[in-house]
Amino acid sequence: APQARERFRELHIPRRPSFGRIEQTRWHSVPELVTPLFRSSFRRRLRVACREQKAIALHAIPHRALDFYDSYLVALALGLPYFLQVHDDLLYSAKGGINLSFASSALQEVWRGAQLRFVISRQMGEEYVRRYGPQEFIIITDGIDRVAAAPVEPRGNELRIYFMGLFHISYEENLRVLLQAIAGVQAANPAARISVSLRCGQINARDIREAANVRILPFGSEADVSRDLEEADLLYLPLPFGANFEPFVRLSLSTKLVTYLGSGVPILYHGPRGAAVADLLVENDAASIQTALDADSLAARLAQFLKEPALVREKASNALALARKDFTLQA
């Protein structure tokens with residue numbers, strides 16, 4: 001075991017020097033302005049590390065900087081295979097951080113020159129083929145090693161809604177509409193007991209944080225999430241609305257989706273049409289789909305969960321089938 005740990009130990013090669021405490025403040029983006037000055041130094045240190053560690057390949061994920069391109073140049077210099085993995089569209093994730101025109105040219109060169117290309121979704125791969133040229137790609141996202149045997153049984157007039165993961169500020173409007181919808185359902189059906197649990201660490205919006213039926217939980221372990229799922233009746237999957245977020249939602253696949261699919265708990269997708277997540281769920285009839293920030297229509301969706309358990313169970317069964325087919329580690 002000690003020998004294995006040494007073999008797979010992590011080495012950190014920073015792109016630039018640290019600016020200390022400023023990195024943890026609202027000015028954290030300022031140091032990035034000088035990062036281009038250190039690109040040649042980063043490449044030199046990476047070359048040294050690759051030689052010392054006897055690297056057999058380089059693998060990079062483009063996100064907010066050009067280190068993916070610098071590592072590609074090092075791979076070329078050392079004659080090493082290079083593997084590109086795309087989680088989010090660089091032209092979205094790097095906006096405001098680097099020169100997007102140069103980043104796009106660099107990504108085109110890397111897309112064409114990489115030995116293997118991994119993408120988070122079919123939509124991402126197809127878009128990059130359209131932009132950067134026809135190349136084969138492999139779809140890789142999260143996987144799960146266990147899938148529930150059957151959908152959870154509904155609890156009559158009780159509906160415990162659950163969310164886990166990072167709660168982006170862009171989701172706040174979705175959640176406000178959800179809380180309005182819940183109020184509408186309870187006004188029409190006073191016997192309905194509906195609550196929302198968010199395992200997301202914190203939420204800045206005071207109105208959401210102090211809502212009577214909202215419980216905010218700290219980030220937890222996989223075991224914590226597993227216990228949460230055992231107590232949940234409906235899994236909430238929001239994505240942001242608006243043109244600013246279109247490149248993100250259209251191409252990226254939320255990794256929490258995979259956990260949701262395999263849980264046996266029904267899923268409520270609340271986001272725009274045309275998102276990669278929405279396409280997958282609609283194609284497989286694996287969730288209830290709400291594609292508007294409209295409290296009345298969302299209230300009708302929630303009422304459906306309470307009144308039509310057979311339909312809810314069918315969608316949850318479809319989600320389990322999708323998890324087994326595409327997202328188990330053995331699939």
### Query
What shape does the stretch 172-259 take by its C-alpha gyration tensor, where a ≥ b ≥ c are the square roots of the eigenvalues and a/c under 1.5 counts as rounded, a/b above b/c as prolate, and the rest as oblate?
oblate
### Message
Relative contact order of the stretch 94-217, please, whole-number percent, based on alpha carbon pairs below 8 angstrom and at least 6 residues apart.
### Response
19 percent
## Note on the structure
Relative contact order as a percentage, the stretch 158-327, C-alpha pairs under 8 Å and 6+ apart, gives 25 percent
### Task
Quote the charge dipole size of the chain about the Cα centre in Debye, to the nearest 20; the model charges only the Cβ of Lys and Arg (+1) and of Asp and Glu (-1).
1200 debye
#### Entry: Top positive-direction residue, dipole computed over the stretch 158-327 with Cβ charges, set L261, A321, P190
P190
### Message
Based on DSSP loop calls and a cut-off of at most 12 other Cβ atoms within 10 Å, the longest stretch of the chain free of exposed GluC sites (Glu not before Pro) is what?
### Response
11-135
#### Entry: Charge dipole (debye, nearest 20) of the stretch 2-139; +1 at Cβ of Lys and Arg, -1 at Cβ of Asp and Glu
420 debye
### Query
For the stretch 2-139, taking Cα atoms only, what is the radius of gyration to one decimal and the Dmax to the nearest whole Å?
16.0, 47
### Contact order normalised by residue count of the stretch 278-331, Cα under 8 Å, 6+ apart, percent
43 percent
### Task
Go through 287-295, 186-194 and give me the packing order, highest mean Cβ count within 10 Å leading.
287-295, 186-194
#### Entry: Global form of the stretch 158-327, assessed from the alpha-carbon gyration tensor, a/c cut-off 1.5
rounded
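Every number in this text was worked out from the coordinates using simple rules, so none of it is lab data. Keep in mind it's a predicted model, so treat the numbers as computed, not measured. Reconstructed Cβ throughout: ideal geometry from the backbone, glycine too, with neighbour counts over all protein chains shown.
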